[in-house]
Amino acid sequence: MSQQANPRGTFLKIADAVKRQIEDDPDMTELPSLAEVMRDHKVSRGVALRAFGVLRQEGVAEPAPGERWRVVRAGARVDRRALDQRISDIITTEGLEAGEAFPSASVLAERFGVSRPTVAKALEKLEAAGVLAGGGQGKVRTVRTVPTREERS
């Protein structure tokens, strides 16, 4: 009779493996993607999600809306605001005025370490809020209004 792997506890083994990765790499800021975990450990999405849930419960990682899960390290400061809020801060930190060109989605994706579609969603929110104007393929997005302090918080 062949011996089969026991599916119970597989997610715990994966969580332990990811914790070891985090401990071995002090510069690690994001967890591997679900697809990478599924491929590397030959498990289903559900098992990978359960492993991430364990890491969350243990305070090792946290989900980041629209981004990969983040590694949580004691004493490290992480901006946990939504991406659209962090992007809108560029206007004030870089002193942009109404009518000036805003960085492209590609530039923002690289700056924030997220995908272009994720940035596009955040930019759509800012356009809907009236902070940015224009945009779209081949068009330069511009600052429509400078957010007030209340809008940024």
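Using a 1.4 Å probe on the protein heavy atoms only, what accessible surface does Thr145 show? Give it in Å² to the nearest 10.
60
Under a straight-distance cross-link criterion of Cα-Cα below 20 Å, which lysines are reachable from Lys13, leaving out those fewer than 8 residues away in the same chain?
Cα-Cα hits under 20 Å: Lys42.
Please list, or write none, the lysines whose alpha carbon is within less than 29 Å of the alpha carbon of Lys125, excluding same-chain residues fewer than 8 places away.
Here the lysines satisfying the reach criterion relative to Lys125 are Lys139.
Please express the shape of segment 29-150 as an equivalent ellipsoid: the semi-axes are the square roots of 5 times the eigenvalues of the C-alpha gyration tensor, given largest first in whole angstrom.
Working: eigenvalues 219, 56, 23 Å².
Gyration-tensor ellipsoid for segment 29-150: 33, 17, 11 Å.
Binned at 5 Å from 0, what are the whole-percent values of the Cα-Cα distance distribution for segment 96-150, short to long?
Spelled out bin by bin, segment 96-150 gives 5, 21, 28, 27, 15, 3, 0 percent.
What per residue convex hull volume, in Å³, comes out for segment 10-71 when only alpha-carbon positions are used?
Spelled out: Cα convex hull of segment 10-71, divided by residues, is 75 Å³.
Between Ser106 and Thr29, what is 0.36 nm times their sequence separation minus the Cα-Cα distance? Round to one decimal in nm. Mind showing how you got there, number by number?
On the way: separation 77, 0.36 × 77 = 27.72 nm, distance 2.08 nm.
Extra length available between Ser106 and Thr29 comes to 25.6 nm.
What accessible area per residue comes out for segment 11-76, rounded to a whole number of Å², with a 1.4 Å probe? It would help to have the intermediate numbers written out before the result.
Working: 4030 Å² over 66 residues.
Spelled out: the 1.4 Å probe surface of segment 11-76, per residue, equals 61 Å².
The values are calculated or read from the model by the stated rules, or taken from the named source; none is laboratory data. This is a predicted model, so every value here is computed, not measured. In case anyone asks, the SASA skips ligands and DNA or RNA and just uses the protein heavy atoms, side chains included. Shrake-Rupley method; radii C 1.70, N 1.55, O 1.52, S 1.80 Å.
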